[in-house]
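Engineer: Can you keep this structure in mind? I'll have questions shortly.
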Amino acid sequence: MKDLSFKEVKAEELNKNPFQTIGKEWLLITAGNEEKCNTMTASWGAMGVMWGKNAVTIYVRPQRYTKEFVDREELFTISVLPEQYRKALNYCGTVSGREEDKIQKAGLTPYYIEGTAAIQEADLILVCRKMYHDTIKPECFDEKENDGKWYPEQDYHTMYIAEVVKALVKED
């Protein structure tokens, strides 16, 4: 189903401040397909250029159900929602999709594009193709205190670097 409320733009033409968008507004990372998908809230990540491509970096803990989808699929999406969906973002960050359809329970709607899933209520959707992943390693911390502070359970994030293959913005 093609929704005419989004238009494709060049990623380098986006006017989003990544520090504000990622750290304050938060993101939904979504992966899967029309049969089954899952989403999770993220407030860590990066946007820039890697290996000559517009890229994003996301971080997913091993216990997150969405990680199974991100690992299995070639593509995932990042959806940036307006502030009115803060309760939904909180819900998607605290409830697992293993036992329920958390997208529906959060009052959100899956949006299918390029064989993957995103969130219809977003102002911005980035369709991303995985290029690289690795698990954060405790021996690689230069600031050693971050290991104990952020990983007391030693549940180190997997870092994914992905090319932004499509950027969609909500049309007014």
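Engineer: Can you name every residue in region 1-35 that is out of contact with any strand residue (DSSP E or B) (no Cβ under 9 Å at 6 or more places or on another chain) and either part of a loop (DSSP other than H, G, I, E, B) or surrounded by 16 or more Cβ atoms within 10 Å (Cβ to Cβ) (or both)?
Structural biologist: Passing the criteria: LEU4, ASN15, ASN17, GLU35.
Engineer: Pairs, please: C-beta under 6 Å, at least 6 apart or cross-chain, first residue open to solvent by less than 10 Å² (accessible area, probe 1.4 Å) and in region 58-85, second among the hydroxyl-bearing types (Ser, Thr, Tyr) and modelled with pLDDT of 95 or more?
Structural biologist: ILE58/TYR160; VAL60/THR158; THR77/THR30; THR77/THR116
Engineer: Looking at GLN63, GLN120, which one is over 19 Å from ALA46 (Cβ atoms), in contact with a strand residue (DSSP E or B) (Cβ under 6 Å, 6 or more places away or on another chain) and of a type outside the set (Val, Ile, Thr)?
Structural biologist: On the way: GLN63 fails: in contact with a strand residue (DSSP E or B) (Cβ under 6 Å, 6 or more places away or on another chain).
One residue alone meets the criteria, GLN120.
Engineer: Oh, and also: In region 50-74, which residue that is over 10 Å from the mean Cα position of the chain (by Cα) and among the aromatic types (Phe, Trp, Tyr) is nearest to LEU126 (Cα to Cα)? Lay out the reasoning, then the answer.
Structural biologist: Initially, region 50-74 is screened for residues over 10 Å from the mean Cα position of the chain (by Cα), giving 50-55, 61-65, 67-69, 71-74.
Subsequent filtering for residues that are among the aromatic types (Phe, Trp, Tyr) retains 51, 65, 69.
Values: TRP51: 18, TYR65: 20, PHE69: 17 Å.
Ranking the candidates gives PHE69 first.
Engineer: Let me ask something additional. Just to be sure, is ALA122 under 19 Å from LYS10 (Cα atoms), touching a residue at least 24 places away in the same chain (Cβ under 8 Å), surrounded by 13 or more Cβ atoms within 10 Å (Cβ to Cβ) and under 17 Å from the mean Cα position of the chain (by Cα)?
Structural biologist: Working: under 19 Å from LYS10 (Cα atoms): yes; touching a residue at least 24 places away in the same chain (Cβ under 8 Å): yes; surrounded by 13 or more Cβ atoms within 10 Å (Cβ to Cβ): yes; under 17 Å from the mean Cα position of the chain (by Cα): yes.
Yes, satisfied.
Engineer: All but one of (1) under 23 Å from the mean Cα position of the chain (by Cα); (2) open to solvent by 50 Å² or more (accessible area, probe 1.4 Å) hold for ASP142; which doesn't?
Structural biologist: Of the numbered conditions (1) under 23 Å from the mean Cα position of the chain (by Cα); (2) open to solvent by 50 Å² or more (accessible area, probe 1.4 Å), the odd one out for ASP142 is (1).
The values are calculated or read from the model by the stated rules, or taken from the named source; none is laboratory data. All values derive from a computational prediction rather than experimental measurement. Heads up, the Cβs are rebuilt from the backbone with ideal geometry, glycines too, and the neighbour counts pull from every protein chain shown. Please note that ligands, DNA and RNA were not included when accessible areas were found on the heavy atoms of the full protein model with its side chains. Shrake-Rupley method; radii C 1.70, N 1.55, O 1.52, S 1.80 Å.
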